[in-house]
Amino acid sequence: MPTAIEYFKFLPKTNCGECGHPTCLAFAMQLANQKASVEECPYVDEEAKRTLQESSAPPVRGVTVGAGEGSFRMGEETVLYRHERRFVNPTAYAVAIPDVLPAEQLKALAQSYLDMSFERVGMTFDIDMFAVFNASGDAERLRSAAVALDGMCSKPLMLIGAGAEDLRPAAEALQASRPLLYGADKGSISSMAALAAELGLPLALRDGSLEGMAELVEAARGQGAEDLVLDLGSDSMRHVLERNTVARKASLKRSFKGLGYPLMNLVGSGEEAMKLAMLSTMKYGSLVVFDSLEPQQALPLMTLRQNIYTDPQVPIQVKQGLYPINGPGEDSPLLFTTNFSLTYFTVRADIEKSRIPVWLQVVDTEGLSVLTAYAANKFGHEHVAAAFEASSALESTSGPVVAPGMVAKMSGKLEEAVGRKVLVGPMESGSLPKFLKNLGV
Amino acid sequence: MAKVPMPKEKWSGAITSAALGDGSVRIGGAKGMPFLAFEDPDMPRPLLAGEVVDDLEDFPPIVLDFFGEDAEDPAAWAQRWKEMGADLVCLRLLSTDPDRRDRSPEEAAAVARSVADATGMPLIVYGCGLPEKDAAVMEAVSAALAGHRSILAYVEEDSYKRISSAAIANKHAVLAFSNLDINLAKQMNILLSDFGVQREDIVMDPLMAPLGMGLEYSYSVNERIRLAALNGDRMLQVPMVCDASQAWQVRDCAEEEEGLGDPVERSAWWEFGTALAALLSGADMLIVRGPYAMQLIKEAIDDLGGGA
Ligand code: B12
Ligand code: SF4
């Protein structure tokens, strides 16, 4: 963002007042606070307006790929460290599908990725995108593969080809689905950028040097391609960390516009791919493209992304309340836990596994886990009793109360407070199925 | 040519560097944010400690299968870590727990000595987690490892005096534990300094919460600690130890479950993800449990150019 002084430089300093502000400086200060628009001063010339608009653009441009349900946004980050502010648009993961596969195999491969989906803390983790790769060298083949994939799911596509002519048929056919075109380099920038601009599609650029990339960006913009994604290479972890860091810092801290776009990495497959993907997820990557990805890799990776992109100020939580699980009756046991999502969903899954009907009272601990909440004095017997009261749990049920094993200490006081037998459950909810069976209810 | 500005920071502080073992291993010394060679051209290599326990109850079978019979003997187990490129041994004397085998401090100290003798590597030694017993165990360990500079783990706000004295007596370092909070971390270091522990003898553990179980808190707490240290906060300029083995606490790390893929590989990535987050946020040393994760972490440090 330009400062008041930077704005002031472009004003005529005549203090004529036509903008509705007493002085040019007063106007400049309103501009810097985003409370006024340059348009309001009739004396700023076009050239200056463009310069100012450019420097007031967000430091990292937001780019949307796909259209409709599965579409996602990349970029728009404003900080280097997540304690300053939440990271905005989570890293997207794509897997490559070669266009040489026979139609049936192509669909089967894509389907296997669509089926790779995980439930964690009440959220669904899955693949975000398919990257259709022109392995055949035949533009028609790429088009038909892309059309087939586009018809299968709502995931955005990335089209990978050597030049604009290889991509054109597929890009035209899918224009409405807004695929990402990959990738323009020094040799192909002019025809690729022209194609992207013509169809209004996002375009990925690739160059391993920061200077070279800044030039590609300039060239692409010269052709009217504005929605850019930058691939600075993925040859080593060191380079990914350094280049991503410099690009992001230059954009955020030095107002350098030439690299202010979402960053991406093509990581290949296997161990190297996973290391690079985890690095990119933590260090400013917006898109990671794999040649292949297995569930035992995807789950830890997607969990990492979920962790890094949560709001550092607000733990993910569920509502306080009395939850029936497995169809409980009046005399089913009454368990209780905290409203931290991780805790609630872990406990819930374990109870579901047991198939034994229970009531689960969730206590509002401001999103803290059992021990954390207990240590912070937010999960004492009085809080539990108040939550029972609020949901009328004691009136509507008659079974034994079961406390988490980690807070066994509160059971005596709680028993007094609620006037009902309080049993101490296992430390880990993983042992709940066995515990509930032994209760024999 | 478009000129890209080089956003190099001018840090006013650096992390202390301290010798361990016979002096050939050093911990700390960073002068920039992790692995940014343009900030810190001769960045030190983070250290890796391989975990060894002296009581196998509840220990993950995936790891025990790998070490086989060597897991029965801490010295043999530690030797395996050495062959795999570890810099230190993290020895947990779980058997001293009264609810386990209630081993005496002297017996436990003999185990520590045997590990040091077999490998020559410095140790980071933990007790069983009960403050009273741990203090007695660490006093014995401190004496048994005299002359072989190691790290006594751990001291906390309300129990640090006996272990700190034991460390001072034999020139060991102490691990200052704090709970996921930059101010608590700093307060702990101040407390130890006031007690007479030299800054070179303090390493800190701000609690690395594992992947899927609070990693997001630790990642930011660590970053804030490291930034404050580089910006000149002397009381935070001590090396940071992160315990990646905690990844194994998380249910999805190693459980067998349809649709989650091979647990051996998954657990390696779970621990690796925890470790990489620790390294990128400022860890100067990691504690590692899984052999496959150890290999991946070593490769990643090489690839990041650590120490190159
Ligand atoms: C992440 C974390 C935090 C995060 C908060 C995360 C959150 N939203 O809760 C932050 C950084 C905010 C935090 C803060 C603090 N923390 Co904290 N934190 C942790 C950490 C690393 C993980 C907690 C977690 O997510 N566990 C996972 C969930 C799923 O576990 P859970 O809720 O206990 O649920 C399990 C069981 O209890 C059981 N269960 C749950 N419900 C039920 C119900 C029934 C019926 C049954 C049978 C079983 C059952 O099954 C579940 C699955 O196994 C732990 C250390 C660790 N590795 O455990 C420390 C820990 C819990 N924290 C601790 C402390 C002391 C604190 C602070 C007080 C520190 C301080 N002085 O500031 C603060 C308090 C918070 C505040 N004032 O706001 C201590 C608690 C010590 C104690 N024994 O009481 C711990 C154990 C760390 C330690 N070793 O010292 N913490
Ligand atoms: S209209 Fe333009 S020239 Fe006149 S006071 Fe406002 S800023 Fe200054």
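Return yes or no: is A:Glu366 out of contact with any Ser or Thr (no Cβ under 8 Å at 6 or more places or on another chain) and charged (D, E, K, R)?
Numbers: out of contact with any Ser or Thr (no Cβ under 8 Å at 6 or more places or on another chain): yes; charged (D, E, K, R): yes.
So A:Glu366 passes the test.
If you go through the stretch A:117-149 and keep only what is within 24 Å of the chain's Cα centre (by Cα) and part of a helix (DSSP H, G or I), you end up with just A:Leu149.
Going by the structure shown, is A:Gly430 surrounded by 15 or more Cβ atoms within 10 Å (Cβ to Cβ), in contact with a Gly (Cβ under 7 Å, 6 or more places away or on another chain) and in the same structural domain as A:Ala387 (by TED's automatic domain parsing)? Taking the combined requirement at face value, the residue does not satisfy it. Within the option set A:Pro202, A:Pro262, being in contact (Cβ under 8 Å) with a residue 40 or more places away in the chain, touching a helix residue (DSSP H, G or I) at 6+ places or on another chain (Cβ under 9 Å) and in the same structural domain as A:Ala94 (by TED's automatic domain parsing) holds for one residue only, A:Pro202.
So that you can scan it fast, the table gives a plain yes or no per residue for (1) within 16 Å of ligand 1 (Cβ to nearest atom); (2) modelled with pLDDT under 95; (3) crowded, with 21+ Cβ neighbours inside 10 Å:
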site: B:Ala185; (1), (2), (3): yes, no, yes
site: B:Met188; (1), (2), (3): yes, no, yes
site: B:Pro206; (1), (2), (3): yes, no, yes
site: B:Asn231; (1), (2), (3): no, no, no
site: B:Arg234; (1), (2), (3): no, no, no
site: B:Ser245; (1), (2), (3): yes, no, yes
site: B:Glu258; (1), (2), (3): no, yes, no
site: B:Val264; (1), (2), (3): no, no, no
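Restricting attention to the stretch B:213-229 and to residues that are touching a residue at least 40 places away in the same chain (Cβ under 8 Å) and among the aliphatic types (A, V, I, L, M), the residue that is farthest from ligand 1 (Cβ to nearest atom) turns out to be B:Ala229.
Looking at A:Glu104, is it at pLDDT 95 or above, of a type outside the set (Lys, Arg), out of contact with any helix residue (DSSP H, G or I) (no Cβ under 6 Å at 6 or more places or on another chain) and away from ligand 2 (no atom under 16 Å from the Cβ)? When the stated conditions are applied, A:Glu104 passes them. Mind counting the residues in the stretch A:300-325 that are among the polar types (S, T, N, Q) and modelled with pLDDT of 95 or more? Count: 4. Of the residues making up the stretch A:394-407, those that are surrounded by 20 or more Cβ atoms within 10 Å (Cβ to Cβ) and of a type in the set (Gly, Ala, Ser) are A:Gly399, A:Ala403.
Pairing residues of the stretch B:274-287 that are within 16 Å of B:Phe177 (Cα to Cα) with residues that are among the aromatic types (Phe, Trp, Tyr), at Cβ distances under 9 Å and at least 6 apart in sequence or on separate chains, gives B:Ala278/B:Tyr219.
Restricting B:Asp65, B:Asp55, B:Asp73, B:Asp87 to those that are away from chain A (no Cβ under 14 Å), crowded, with 16+ Cβ neighbours inside 10 Å and under 24 Å from B:Ala275 (Cβ atoms) reduces the list to B:Asp87.
Considering the stretch A:119-147, the residues that are under 23 Å from A:Glu294 (Cβ atoms) and of a type outside the set (A, V, I, L, M) include one that is surrounded by the fewest Cβ atoms within 10 Å (Cβ to Cβ), namely A:Thr124.
Table: residues versus (1) aromatic (Phe, Trp, Tyr); (2) within 11 Å of ligand 2 (Cβ to nearest atom).
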residue	(1), (2)
A:Phe10	yes, yes
A:Cys16	no, yes
A:Asn33	no, no
A:Ala48	no, no
A:Ser56	no, no
A:Pro59	no, no
A:Val65	no, no
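Residues of the stretch A:298-336 that are within 27 Å of A:Ile127 (Cβ to Cβ) and among the charged types (D, E, K, R): A:Arg305, A:Asp311.
In the stretch A:315-336, is there at least one residue being surrounded by fewer than 24 Cβ atoms within 10 Å (Cβ to Cβ) and within 11 Å of chain B (Cβ to nearest Cβ)? Spell out the reasoning first.
We begin by selecting, within the stretch A:315-336, every residue surrounded by fewer than 24 Cβ atoms within 10 Å (Cβ to Cβ); these are A:315-333.
From the residues that got through so far, the ones that are within 11 Å of chain B (Cβ to nearest Cβ) too are A:315-316.
Scanning the stretch A:315-336, I find at least one residue that is surrounded by fewer than 24 Cβ atoms within 10 Å (Cβ to Cβ) and within 11 Å of chain B (Cβ to nearest Cβ), so the answer is yes.
When the residues of the stretch B:248-290 are filtered to those that are touching an Asp or Glu at 6+ places or on another chain (Cβ under 6 Å) and more than 9 Å from every other protein chain (Cβ to nearest Cβ), which remaining residue is nearest to B:Leu207 (Cα to Cα)?
So the residue we want is B:Ile287.
Restricting attention to the stretch A:150-168, which residues are surrounded by fewer than 19 Cβ atoms within 10 Å (Cβ to Cβ) and part of a helix (DSSP H, G or I)? I'd like the intermediate steps shown before the answer.
Of the stretch A:150-168, the ones surrounded by fewer than 19 Cβ atoms within 10 Å (Cβ to Cβ) are A:151-154, A:162-163, A:165.
Within the stretch A:150-168, A:Gly151, A:Met152, A:Glu165 meet the criteria.
Quick one: which residue in A:Pro179, A:Pro156, A:Pro169, A:Pro202 is farther than 30 Å from A:Ser251 by Cβ and touching a Leu at 6+ places or on another chain (Cβ under 9 Å)? Going through A:Pro179, A:Pro156, A:Pro169, A:Pro202 in turn, the sole match is A:Pro169.
Taking every residue in the stretch B:128-141 that is within 13 Å of B:Tyr154 (Cβ to Cβ) and pairing it with any residue that is not hydrophobic (A, V, I, L, M, F, W, C), at least 6 positions away or on another chain, the pairs with Cβ-Cβ distances below 6 Å are B:Cys128/B:Thr96; B:Cys128/B:Asp97; B:Pro131/B:Ser159; B:Asp134/B:Gly127; B:Ala135/B:Arg162; B:Val137/B:Thr96; B:Val137/B:Pro105; B:Val137/B:Gly127.
The values are calculated or read from the model by the stated rules, or taken from the named source; none is laboratory data. Small disclaimer: the values here were computed from a predicted structure and weren't measured. A quick note on method: Cβ atoms are made from the backbone with ideal geometry, for glycine too, and the neighbour counts reach across all protein chains shown.
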